[in-house]
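Below is one structure; the comments refer to it alone.
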Amino acid sequence: MWRREGYCLGIESTADDFGVGIVSFNGKVLANVNDVYIPEKGGIHPREASRHHAMVAGRVLSEAFERAGIKPKEVDVIAFSQGPGLGPCLRVGATAARALASYLNKPLVGVNHCLAHIEIGRMIGGVKDPVTLYVSGGNTIVAAFEARRYRVFGETLDIAVGNCLDVFAREAGLKPKAGKPLGAVVEELALKGRKFIHLPYTVKGMDLSFSGLLTAAISLLREGRHSLEDICYSFQEIAFSMLTEVTERALAHTEKGEVLLTGGVAANRRLQEMLRNMCEEHGARFYVVPKEYATDNGAMIAWTGVLCYRYGLITPVEKSFVKLKWRLDEVEVPWI
Ligand code: ATP
Ligand code: FE2
């Protein structure tokens, strides 16, 4: 069934991004178009984000075809992000994918979003078998391949680290500026911090908890005794040390030779620095996925769609319902 030549179109819509990627079977990204929903204030409202996705879907799809320079009928496989994510958002992507697949009479592939983050990172970076740290607004996962699956070695027990940074930033009255996400605004302030303030450091076994850190940082803000720069600095030092500790233990346990950093928070220089130092000590290669492929994007869904299709992992329409809590370690990975 496997043909060398071909294209897969992938749709990403788990949260605030609606993305469409077109990737060739041999791993060339022909298009990766994204439209992000920006709430007027506060965090993402799933219903409003899904309305945004429905509004932009047609335009993002045609832009992707235009950039790729191919016609819809030239696509061989349609992939979509089937979960985990926000129900209303996932449903828009799934509906678009089903409509396309049945109209074009092409196979449909439901892709696990977390798996896609790892697979695009491996492909783009030429990384073989890494310990992955995937850190974003909705996820905090340390994973590595073992016995046919990506096993989750550590994860957050409550909120994701990106969400923790965003809530803290909003409490501090910070606003995303000039296209900079809130995490990047905190990063900029942290560079000017000088004094380290102790905040809760919570690693339980291999899992992490960020809610105590968030609550303590917010109380510090309200107390007004410390500068915002010092709080941002201390907050990052604690949160990123926790992530580095768990990643290091997973690396030591699995004896892998590579660490892959991905997700929106991967853009943070301080986090990169801590992990890079840790990797040097272990003689491991460290790879940071470039932003275009580290944040949510359609190309990662398309590429994982190619991998699944190669191994006959096709999703019949009647089994294409979205899976809001679909875990990474539930997915069999036959290609490694
Ligand atoms: P997912 O659906 O995978 O959970 P997401 O919708 O949260 O993803 P991403 O773009 O992957 O989207 O991640 C966004 C998060 O990354 C936000 O919490 C944002 O503040 C954070 N972020 C972006 N840049 C930086 C940075 N330089 N430092 C720290 N955090 C950052
Ligand atoms: Fe994501």
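If you check VAL259 against the conditions, is it in contact (Cβ under 8 Å) with a residue 60 or more places away in the chain, open to solvent by less than 20 Å² (accessible area, probe 1.4 Å) and in a helix (DSSP H, G or I)? In short, no.
For VAL246, the conditions (1) away from ligand 1 (no atom under 16 Å from the Cβ); (2) open to solvent by less than 20 Å² (accessible area, probe 1.4 Å); (3) more than 29 Å from PRO334 (Cα to Cα); (4) not polar (S, T, N, Q) are fulfilled apart from (3). Within the option set ASP129, ASP166, being within 15 Å of ligand 2 (Cβ to nearest atom), over 15 Å from the mean Cα position of the chain (by Cα) and among the charged types (D, E, K, R) holds for one residue only, ASP166. With respect to THR304, determine if the residue is in contact with a helix residue (DSSP H, G or I) (Cβ under 6 Å, 6 or more places away or on another chain) and either touching a residue at least 60 places away in the same chain (Cβ under 8 Å) or outside the structural domain of GLU155 (by TED's automatic domain parsing) (or both). Here the answer is yes, as THR304 does meet what is asked. Evaluating MET278 against the criteria (1) within 30 Å of GLU63 (Cβ to Cβ); (2) in a helix (DSSP H, G or I); (3) open to solvent by less than 20 Å² (accessible area, probe 1.4 Å); (4) not basic (Lys, Arg) leaves one unmet condition, (1). Can GLU237 be described as within 15 Å of ligand 2 (Cβ to nearest atom) and acidic (Asp, Glu)? For GLU237, the condition - within 15 Å of ligand 2 (Cβ to nearest atom) and acidic (Asp, Glu) - is not met. The condition (being in contact with a helix residue (DSSP H, G or I) (Cβ under 9 Å, 6 or more places away or on another chain), closer than 15 Å to THR262 by Cβ and within 12 Å of ligand 2 (Cβ to nearest atom)) is satisfied by just one residue among ILE120, ILE124: ILE120. Among the conditions (1) within 16 Å of ligand 2 (Cβ to nearest atom); (2) open to solvent by 30 Å² or more (accessible area, probe 1.4 Å); (3) in a helix (DSSP H, G or I), the only one that GLY43 does not satisfy is (3).
The sole residue among HIS198, HIS253 that is assigned to a loop (DSSP other than H, G, I, E, B) and more than 23 Å from the chain's Cα centre (by Cα) is HIS198. Of all the listed residues (LEU199, LEU208), the sole one being within 27 Å of ASP230 (Cα to Cα), open to solvent by less than 10 Å² (accessible area, probe 1.4 Å) and away from ligand 1 (no atom under 11 Å from the Cβ) is LEU208. Filtering segment 66-80 to residues that are over 22 Å from the mean Cα position of the chain (by Cα) and crowded, with 20+ Cβ neighbours inside 10 Å leaves ALA68, VAL75, VAL77. Within segment 46-65, the only residue that satisfies the criterion of being more than 18 Å from the chain's Cα centre (by Cα), open to solvent by less than 50 Å² (accessible area, probe 1.4 Å) and farther than 23 Å from VAL109 by Cα is HIS52. Does VAL56 fit the bill of being at pLDDT 95 or above and in a strand (DSSP E or B)? For VAL56, the condition - at pLDDT 95 or above and in a strand (DSSP E or B) - is not met. Is it fair to say ALA216 is of a type in the set (Gly, Ala, Ser), open to solvent by less than 40 Å² (accessible area, probe 1.4 Å), within 15 Å of ligand 1 (Cβ to nearest atom) and not assigned by TED's automatic domain parsing to the domain that holds ASP35? So ALA216 does not fit the description; no. Taking the criterion of being within 16 Å of ligand 2 (Cβ to nearest atom), open to solvent by 30 Å² or more (accessible area, probe 1.4 Å) and part of a helix (DSSP H, G or I), would at least one residue in segment 172-183 satisfy it? No - not one qualifying residue is present in segment 172-183.
The values are calculated or read from the model by the stated rules, or taken from the named source; none is laboratory data. Keep in mind it's a predicted model, so treat the numbers as computed, not measured. Because the Cβ atoms are built from the backbone with ideal geometry, glycine has one as well, and the counts that use them run over all protein chains shown. Side chains included, ligands, DNA and RNA excluded: accessible areas come from the protein's heavy atoms. Shrake-Rupley method; radii C 1.70, N 1.55, O 1.52, S 1.80 Å.
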